[in-house]
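The values are calculated or read from the model by the stated rules, or taken from the named source; none is laboratory data. All values derive from a computational prediction rather than experimental measurement. Don't worry about glycine lacking a Cβ; one is built from the backbone with ideal geometry, like all the others, and counts go over all protein chains shown. We work out accessible area using only protein heavy atoms, side chains counted, and drop any ligands, DNA or RNA first. Shrake-Rupley method; radii C 1.70, N 1.55, O 1.52, S 1.80 Å.
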Amino acid sequence: MRVIGLMSGTSYDAIDAAAADLTLDGDRLTLTPLGLISRGYDEGLRTRLAAALPPAATTLAEVCRLDTEIGRAFAAAAVEADRELCDGRAGLVASHGQTVYHWVADRQVHGTLQIGQPAWIAEATGLPVVADFRPRDIAAGGQGAPLVSLVDRMWLRGRPGAPAALNLGGIANITAADGTAFDTGPANALIDAAVREATDGRLAYDLDGELAARGTVDEGLLARLLTEPYYALPAPKTTGKELFHLPYLRAALRGYEKLPAEDVVATLTRLTARTVADAVRSVRASEAVVSGGGTRNPALMAAVRAELGDGIPVRTSDELGLPAAAKEAYAFAVLGFLTLHGLPGTVPESTGARHASVLGSITPGRRGTAWPEPVTGAEGPVRLVVNGHGGGGR
């Protein structure tokens, strides 16, 4: 089946559409990558989305408008991906949507909200759409994140040692070989916020890590940032921009107002590297396989390597056949495929749920949904093989 995975992460800078051919054969799922398109949000829509996110106040009217307009933007990306990557032969769209709130209280996740109405995608493409992946795991007592842990485990199965998959988006998350998975804390979230603040919005992120490279880590500020209680919580745990946002950063910088912007960014980059490295060591990983937008920041990648030292190699997911920029979108393509086949898409030991669950809700295409033959006699695939690559999943 040819599947399009749609993803916009906590950095909400673009919609990624990755297409793949997926073939299930017993316990083996083979993924043939067909390519990625990435389309930035319209600047006006992105500005309105940012203005509506916590801790800002918003209205239900604006939430409704954003749900519709983001749904239309996702639909346009899906139409383009079907035409340009799938020769018009896609059979399914899997849309993560745009996370706007993740309700965490007393270490328990009570709810989550991803917007980007899937009906617009189904109408524009004519295809069935799997969306709203996270709530089912939460209803089963899980954190609803990181959902890609099942895909990571299948993908890295067969590699020597104890590899860990590490994603550096707005928030960083990790999946260990034993199924342990959690959000480690901010990856780019605080770095991006500092850059926007320092440049009055002229820059949205630290391009090529240039600001961090020019700056010096302030050890006092770093020590203050590392006192954040979230880092000491045991897994499973999840977080987001409900915690790590601009007002949080402003509060942390009290008394450091005269610190040059370059030093602030360098310190926040080291914060991400330190907390990520602590997480990698905590799961006794033998290597870290990194994906996400953070891989394009040389200063951040150098800091992660420096924190981990020579004992734990750091490589990007590209080396194992999945482009770092597209890996999360491919992961949701896999999760959508599993849902359509009635197969669970979660690992209870990763999210803390009581049991594995079939994820999401299905919006039928214009001609309904052609349900595949049910998978019998198996719990689903245990290995993910990236076609044409001999890495993870052997």
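Keeping all protein chains in place and using 1.4 angstrom, which order do 86, 64 fall into by accessible surface area, from largest down? Don't skip to the answer; put the middle values down first.
Numbers: 86 0, 64 85 Å².
These residues rank, largest area first, as 64, 86.
Using 0.36 nm times the number of residues separating residue 56 and residue 84, minus their current alpha carbon distance, what extension gain do you get?
Length gained, residue 56 through residue 84: 6.3 nm.
Over the chain, how many percent of alpha carbon pairs lie in each 10 Å bin up to the one with the longest distance?
5, 24, 34, 26, 9, 1, 0
Helix 189-198: angle to the longest alpha-carbon principal axis of the chain, degrees 0 to 90, nearest 10?
50
When only alpha-carbon atoms are used, what values of Rg and Dmax, in angstrom, describe region 240-394?
Cα-based Rg and Dmax for region 240-394 come out at 20.3, 64 Å.
Quote the charge dipole size of region 1-103 about the Cα centre in Debye, to the nearest 20; the model charges only the Cβ of Lys and Arg (+1) and of Asp and Glu (-1).
Dipole of region 1-103, to the nearest 20 debye: 140 debye.
So how strong a dipole does the chain carry about its Cα centre when Lys and Arg Cβ are +1 and Asp and Glu Cβ are -1, to the nearest 20 debye?
Value, rounded to 20: 460 debye.
For residue 23 and residue 278 in one chain, what is 0.36 nm times their gap in residues minus the Cα-Cα distance, to one decimal in nm?
Extending this stretch completely gives an extra 88.1 nm.
Using a 1.4 angstrom probe on the protein heavy atoms only, line up 274, 46 by accessible area, largest first. Intermediate values should be presented prior to the final figure.
Details: 274 65, 46 30 Å².
Result, largest first: 274, 46.
Peptides 276-287, 191-202, 361-372: what's the order by average Cβ count within 10 Å, highest mean first?
My ranking of the peptides, most packed first, is 276-287, 191-202, 361-372.
Once every DSSP H run of n ≥ 4 in the chain is given -39500 (n - 2.57) and the sum is divided by its residues, what mean residue ellipticity at 222 nm do you get, rounded to the nearest 500 deg cm²/dmol?
-10500 deg cm²/dmol
Using 0.36 nm per residue, how much length does the chain from residue 254 to residue 68 gain when fully extended, once their Cα-Cα distance is taken away? Let's see the in-between values first.
Numbers: separation 186, 0.36 × 186 = 66.96 nm, distance 3.88 nm.
Contour length minus Cα-Cα distance gives 63.1 nm.
Not counting ligands, DNA or RNA, and with a 1.4 Å probe, what is residue 355's accessible surface area in Å² rounded to the nearest 10?
Residue 355 exposes around 80 Å² with every protein chain in place.
What accessible area, in Å² to the nearest ten, does a 1.4 Å probe give for residue 270?
60
Sorting 120, 103 by accessible area (1.4 Å probe), largest first, what list results? Let's see the in-between values first.
Numbers: 120 95, 103 125 Å².
Output order, biggest surface exposure first: 103, 120.
Evaluate the charge dipole of region 277-361 about its Cα centre and quote only its size in Debye, nearest 20, assuming +1 on the Cβ of each Lys and Arg and -1 on the Cβ of each Asp and Glu.
120
Just add up the charged neighbours of residue 101: K/R +1, D/E -1, any other residue whose Cβ is under 10 Å from the Cβ of residue 101.
0
Against the longest principal axis of the chain, how steep is helix 43-52, in degrees 0 to 90 to the nearest 10, with axes from Cα atoms?
Approximately 70 degrees, to the nearest ten.
What do you get for the angle between helix 261-282 and the principal long axis of the chain? Use alpha-carbon atoms, 0 to 90 degrees, nearest ten.
With both axes taken from Cα atoms, the answer is about 60 degrees.
Quick one: which of 314-321, 107-114 comes out on top by average Cβ neighbours within 10 Å, and what's the full order, highest first? Let's see the in-between values first.
Numbers: 314-321: 19.0, 107-114: 16.4.
Descending packing order for the listed peptides: 314-321, 107-114.
Solvent-accessible area per residue for the chain at a 1.4 Å probe radius, Å²?
On the way: 15910 Å² over 394 residues.
For the chain, the per-residue accessible area is 40 Å².
Short version: ³J(HN,Hα) in whole Hz for each residue of region 328-344, in order, from phi by Karplus 6.51 cos²θ - 1.76 cosθ + 1.60 (θ = phi - 60°), x for Gly and Pro, what are they?
Listing the rounded values in order: 5, 5, 4, 4, 6, 4, 5, 4, x, 4, 4, 4, 4, 8, x, 10, x Hz.
Would you work out what percent of the accessible area of region 204-352, with all protein chains in place, is carbon or sulfur (probe 1.4 Å)? Intermediate values should be presented prior to the final figure.
Details: 3140 of 5840 Å².
About 54 percent, which is the carbon plus sulfur part of the accessible surface.
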